[in-house]
Amino acid sequence: MDRNSGPNAVIIRAWKITGFTLLEILIAVFIFAVVMSTIFGTFNGVISRTDAIKNGMGGYEMARTCFDRMISDLTTIYLDQKPLYHPPDIDDPPDPYRLVGTESYAGSKNFSKLRFASTDHLSMNGKDEKGIAEIVYYIKEEGYPESEFVLKRSDTAYPYDKNYEFEEKDSDPVLCENIEEFSIKYFDQDGNETEKWDSDSDFLKYGSPKAVKIKLKLINNENSYEFETKIVLPIFREKFE
């Protein structure tokens, strides 16, 4: 009997000609491309969010370390109190333990600058030095050709030379990088807020702030992160009425 004849012949021939048409293949390729595109987009989104989280955590750790340092300095602030302190005459030198909050320029931007005295002196020469120090926080523009703003801390122990004047130094340590904003607000004993302060000022009646609020804004890969803290000072000098 012929193998290609009989009832099984139809089945064999049908199996030989069964397959996908060109249209079916194109549809399958299209569906595969859509599925892979969706999977890749989801994966890319996850990676992007992971990078953002890492950058955010890096900014958070830097800001936390910076705030810890500033809180440590400000909670050990030193001020002369009445009657040891008295308002200066016109020809008197400035109070070495004064607190001065001003604005300064770095590049084309405006930032806060803070100067005060603290007992939390950090020796830069490896010696275990104690005593009162002048602490200055200021913003410096660094880097070339792509510059960035950094927050630096100056720490100079007393006693000063009689001709001493504060100068920014390259050796001053950096507390925080990628600064977009550094601003400080001051609160008097009545809760009033101001952006500047001078404890040697007649306008402020020679008093010192009761609290300060510090705001940091960091930028990283075009993302910005804001941090803020308010510090109640352990001591303050009341106004001279």
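Could you please report the charge total around A63, scoring K, R as +1 and D, E as -1 over all other residues with beta-carbon less than 13 angstrom from its beta-carbon? Don't skip to the answer; put the middle values down first.
Working: positive: R64, R69, K215, K217; negative: E61, D68, E177, E180, E181, E226, E228.
Result for the neighbourhood of A63: -3.
A Förster distance of 35 Å, applied to the separation of the beta-carbon atoms of I235 and E167, puts the FRET efficiency at 0.80. Oblate is the label for the range 135-203, because the ratio a/c of its alpha-carbon gyration tensor axes (a ≥ b ≥ c) is 1.5 or higher and a/b is not greater than b/c. Sorting the segments 188-197, 157-166 by their mean number of nearby beta carbons within 10 angstrom, highest to lowest, gives 188-197, 157-166.
Taking Lys and Arg as +1 and Asp and Glu as -1, the other residues whose beta-carbon sits under 13 Å from that of K215 total -2. If you take every residue apart from E241 with its C-beta less than 15 Å away from the C-beta of E241, what net charge results, scoring Lys and Arg +1 and Asp and Glu -1? Every neighbour counted, the sum reads 0. Once backbone amide H atoms are built at 1.01 Å from N, A211 has F187, L233 as its partners under 5 Å, excluding neighbours fewer than 5 places away on the same chain. Legend: distances between Cα atoms for K152/K215; K130/K205; K217/K239; K82/K230; K162/K213; pairs beyond 22 Å are K130/K205; K217/K239; K82/K230; K162/K213. Using only the Cα atoms of the range 83-126, build the gyration tensor, take square roots of its eigenvalues as a ≥ b ≥ c, and label the shape rounded, prolate or oblate: rounded if a/c is under 1.5, else prolate if a/b is larger than b/c, else oblate. Oblate is the answer for the range 83-126, as a/c is 1.5 or above yet b/c matches or exceeds a/b.
For the pair S108 and T156 in one chain, pulling the backbone fully straight at 0.36 nm per residue adds 14.5 nm over the alpha carbon distance. Indicate the gyration tensor shape class of the range 55-232 (rounded, prolate or oblate), computed on the Cα atoms with a ≥ b ≥ c the square roots of the eigenvalues: a/c under 1.5 is rounded; otherwise a/b larger than b/c is prolate and the rest oblate. Cα axes put the range 55-232 in the prolate bin.
Nearest 20 debye, what's the magnitude of the dipole of the range 55-232 about its Cα centre given +1 on Lys and Arg Cβ and -1 on Asp and Glu Cβ? Mind showing how you got there, number by number?
On the way: 22 positive and 37 negative charges, 105 e Å.
Charge dipole of the range 55-232: 500 debye, to the nearest 20.
Bear in mind that the values in this text are calculations on the coordinates, not laboratory data. What you see is a predicted model; the values in this text were computed from it and never measured. Glycine gets a Cβ as well: all are built from the backbone with ideal geometry, and neighbour counts include every protein chain shown.
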